[in-house]
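Structure first, commentary second.
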């Protein structure tokens with residue numbers, strides 16, 4: 001596919017570009033499919049296992065906390081534990097929490113499972129403090145740490161490691177069945193989360209369409225999204241900023257939906273990828289059927305003429321803008337309106353909800 005297949009310059013000239021002042025640097029996040037946990041319960045269990053093992057093996061004393069100075073919703077101040085010294089051990093050898101979170105056990109744990117909100121504090125059976133938030137603040141898709149033998153996942157001798165499938169101990173294993181304990185140390189390589197695009201798919205940036213892989217490699221920040229006040233009757237694009245890119249750590253096989261429209265357009269995404277349909281509703285790709293419509297960047301509807309289910313071996317990708325409102329998390333990929341990765345994580349509850357409406361306040365639409 002070429003970068004101009006959807007006439008990016010024409011589309012940009014036909015809409016109003018509104019500036020966004022928020023400043024942000026792209027944050028490269030990761031997920032892996034080989035180490036896939038397919039339910040939030042499993043992901044949360046992995047996170048709790050990492051917290052427990054980190055405190056037992058690397059903290060060693062429930063009283064070795066430091067005071068964050070932050071107020072706990074349950075009273076007092078929040079206590080955290082430093083699992084590794086960032087100065088002496090900056091790569092986190094042997095740590096169960098990653099360097100991105102400064103090896104702060106409770107901070108990384110609550111971030112992986114919850115959206116922002118009041119933070120409560122309790123003590124576990126071993127006397128260690130741990131944090132939690134209201135159940136309704138849980139992410140649609142919890143993050144969880146994934147491990148390997150070196151801190152640099154691009155190293156040739158990097159070997160992926162796995163906890164025991166029953167989380168029976170704090171060792172890491174060479175196999176997912178927990179039969180071959182690793183004799184080497186380990187590192188957290190990232191926190192797994194969902195991704196959606198195959199690498200050749202074109203996403204709209206300020207100078208036109210760029211493949212998601214090229215955008216990730218260049219850490220492109222100049223993302224184009226809908227403006228917050230857009231409706232199906234009045235779509236407006238704005239210059240936004242990229243907050244994060246999502247990619248997998250290792251190649252794996254994915255179920256891909258190849259959606260072809262009447263105009264000849266084609267979208268290749270994973271089955272759970274969020275897409276705007278002809279009713280302005282955010283739906284998963286797997287729910288679309290022939291006769292439904294995708295929405296083009298100019299607001300016109302493009303009926304679906306075929307949907308092919310296939311597979312893609314390799315990595316898939318996604319990204320999110322710095323803005324957090326629902327409408328400005330609608331991107332343009334292959335000329336069609338699709339949702340950012342936030343609709344698979346923080347905003348998963350808005351799937352199958354009308355995001356772009358016509359002539360009616362959004363708050364009265366289910």
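The values are calculated or read from the model by the stated rules, or taken from the named source; none is laboratory data. In this text the structure is predicted, and so the values were computed from the model without any measurement. In this analysis, Cβ positions are derived from the backbone assuming ideal geometry, glycine residues included, and neighbour counts consider all displayed protein chains.
Summary of computed values
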{"quantity": "Output for region 177-195, where each listed residue is in contact (Cβ under 8 Å) with a residue 40 or more places away in the chain, part of a loop (DSSP other than H, G, I, E, B) and in contact with a strand residue (DSSP E or B) (Cβ under 7 Å, 6 or more places away or on another chain)", "calculated": "186, 193, 194, 195"}
{"quantity": "Selected residue (only one of 287, 246, 225 is under 20 Å from residue 321 (Cβ atoms) and modelled with pLDDT under 95)", "calculated": "246"}
{"quantity": "Every residue from region 142-164 that is surrounded by fewer than 19 Cβ atoms within 10 Å (Cβ to Cβ) and within 30 Å of residue 343 (Cβ to Cβ)", "calculated": "153, 154"}
{"quantity": "Some residue of region 118-128 being within 30 Å of residue 271 (Cα to Cα), surrounded by fewer than 18 Cβ atoms within 10 Å (Cβ to Cβ), in the same structural domain as residue 59 (by TED's automatic domain parsing) and in contact with a strand residue (DSSP E or B) (Cβ under 6 Å, 6 or more places away or on another chain)", "calculated": "no"}
{"quantity": "Residue count for region 66-115, restricted to those that are in a loop (DSSP other than H, G, I, E, B) and more than 18 Å from residue 142 (Cα to Cα)", "calculated": "21"}
{"quantity": "Residues that are farther than 18 Å from residue 348 by Cβ and surrounded by 13 or more Cβ atoms within 10 Å (Cβ to Cβ), drawn from region 301-322", "calculated": "301, 302, 303, 304, 305, 307, 312, 314, 315, 317, 322"}
{"quantity": "Region 133-158, subset touching a strand residue (DSSP E or B) at 6+ places or on another chain (Cβ under 8 Å) and outside any loop (DSSP other than H, G, I, E, B), residue nearest to residue 102 (Cα to Cα)", "calculated": "145"}
{"quantity": "Answer residue from region 55-79, given it is within 22 Å of residue 189 (Cα to Cα) and surrounded by 19 or more Cβ atoms within 10 Å (Cβ to Cβ) and is nearest to the chain's Cα centre (by Cα) among those", "calculated": "55"}
{"quantity": "Criterion (touching a helix residue (DSSP H, G or I) at 6+ places or on another chain (Cβ under 7 Å), on the phi > 0 side of the Ramachandran plot and free of Cβ contacts under 8 Å to residues at least 24 places away in the same chain) met by exactly one of 60, 117, 69, 92", "calculated": "117"}
{"quantity": "Matching residues in region 131-143 - criterion: being touching a helix residue (DSSP H, G or I) at 6+ places or on another chain (Cβ under 6 Å) and modelled with pLDDT of 90 or more", "calculated": "131"}
{"quantity": "Odd one out for residue 231, checked against (1) out of contact with any strand residue (DSSP E or B) (no Cβ under 6 Å at 6 or more places or on another chain); (2) touching a residue at least 24 places away in the same chain (Cβ under 8 Å); (3) in the same structural domain as residue 115 (by TED's automatic domain parsing); (4) surrounded by fewer than 23 Cβ atoms within 10 Å (Cβ to Cβ)", "calculated": "(3)"}
{"quantity": "Filter result for residue 222 (over 27 Å from residue 36 (Cβ atoms) and without any contact (Cβ under 8 Å) to a residue 60 or more places away in the chain)", "calculated": "yes"}
{"quantity": "Complete set of residues in region 196-212 that are in contact (Cβ under 8 Å) with a residue 40 or more places away in the chain and surrounded by 19 or more Cβ atoms within 10 Å (Cβ to Cβ)", "calculated": "196, 197, 198, 201, 202, 203, 204, 209, 210, 212"}
{"quantity": "Lone qualifier among 258, 269, 338 - being in a strand (DSSP E or B), within 20 Å of residue 200 (Cα to Cα) and in contact with a helix residue (DSSP H, G or I) (Cβ under 6 Å, 6 or more places away or on another chain)", "calculated": "269"}
{"quantity": "Whichever residue in region 174-195 is at pLDDT 90 or above and crowded, with 19+ Cβ neighbours inside 10 Å and, among such residues, is nearest to residue 253 (Cα to Cα)", "calculated": "188"}
{"quantity": "Top-ranked residue in region 207-227 [being in contact with a strand residue (DSSP E or B) (Cβ under 8 Å, 6 or more places away or on another chain) and assigned to a loop (DSSP other than H, G, I, E, B); ranked as farthest from residue 152 (Cα to Cα)]", "calculated": "227"}
{"quantity": "Matching entry among 204, 161 (being part of a strand (DSSP E or B), assigned by TED's automatic domain parsing to the domain that holds residue 344 and within 24 Å of residue 247 (Cβ to Cβ))", "calculated": "204"}
